[in-house]
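Engineer: Got a structure for you, written out below as C-alpha cells; questions coming shortly.
The values are calculated or read from the model by the stated rules, or taken from the named source; none is laboratory data. If you're wondering where the values come from, they're calculated on a predicted model, not measured in any experiment. Here the Cβ positions follow ideal geometry from the backbone for every residue, glycine too, while neighbour counts run over all protein chains shown. Just so you know, the surface numbers come from the protein's heavy atoms only, side chains and all, with ligands and any DNA or RNA stripped out. Shrake-Rupley method; radii C 1.70, N 1.55, O 1.52, S 1.80 Å.
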Amino acid sequence: GGGFRSGDAAVLLPGGHGAGKTSLTLEALYRGYQVYSDEILVVDPERLLLRPYSRCFVVKEPGMGLFPHLQGLYRARGPQKAGRSVMVWYVNPGEVRKDYLAPPAPCRWIVFPRFRPGVPPRLTPVSELEVGGRLRACVFTFFLNRDATLTGVAALARECRAYALDFGDLRNGFDAIEDLVAGREAA
C-alpha cells in the first residue's frame, strides 16, 4: 500500500496490483504532501502510527505518462514479468523533494483505491467488517505473528474512517481524497 501525511494524520492507500497506489502516492508527493512509501506500509500495532519506509517508487509503464515532469528521474529497470511483460522504472522520491519522507503519524483514513478508466471519482464508505477483510487481503507480512496481524487489522478497522475510491482520472481521484481528509467529502 501507499500512504501520505495530511496535517497531523496518515492516509493509507492499500490495494492490489494496478489499483493506483503508486500513482496516488506520487500525486500526493507532487502536491506537497510528505509520503511514507508507495508499496510498503509499516504500522505500529499498539499506537496505530504509520511509520516511513524509505525506498524508490516503482512506476509501471501505464503510469509513466501521468508524471511527465519526472521523466528525467526515471531509472529504467524493465521489462519485468508480472503476468505480462511491462516496463518498470524507479523514482527516488528524495530527488523529487528533499523533505519527502513523512514522520510517524496516527492512521486516520484508509482509502482503498481502484483505478477504472473513464470512471468519475466516487468515494463509498466501507464497513468495519469489510475493512478487516480488505486489509487482510492486502497483507503479506503485517506483523510477525498471526494474532498480532488480526489484532492490528481489527484496530485499524475500528479506528480509521474507511472508503473505497473508484476513479478514472488521477487528479480527480486525488481531489476526492483531499476533500475527504479536509471534511468536504460528498459520501
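Engineer: Do the conditions hold for Pro103, that is, is it exposed (fewer than 15 other Cβ atoms within 10 Å of the Cβ), modelled with pLDDT of 95 or more and not β-branched (Val, Ile, Thr)?
Structural biologist: So Pro103 passes the test.
Engineer: Right, something else. Go through the stretch 1-47 and give me each residue that's more than 17 Å from Leu165 (Cβ to Cβ) and modelled with pLDDT under 90.
Structural biologist: Glu39, Ile40, Val42, Val43, Asp44, Pro45, Glu46, Arg47
Engineer: Among the residues of the stretch 174-185, are any farther than 17 Å from Ala28 by Cβ, at pLDDT 90 or above and outside any helix (DSSP H, G or I)?
Structural biologist: Within the stretch 174-185 (the criterion being farther than 17 Å from Ala28 by Cβ, at pLDDT 90 or above and outside any helix (DSSP H, G or I)), the answer is yes, since at least one residue qualifies.
Engineer: Now a separate question. Name the single residue, out of those in the stretch 70-99 being among the β-branched types (Val, Ile, Thr) and either farther than 21 Å from Tyr33 by Cβ or surrounded by fewer than 12 Cβ atoms within 10 Å (Cβ to Cβ) (or both), that is modelled with the highest pLDDT.
Structural biologist: Ranking the qualifying residues of the stretch 70-99, first place goes to Val88.
Engineer: Quick one: count up the residues across the stretch 109-134 that are more than 15 Å from Leu165 (Cα to Cα) and either modelled with pLDDT under 85 or open to solvent by less than 80 Å² (accessible area, probe 1.4 Å) (or both).
Structural biologist: 2
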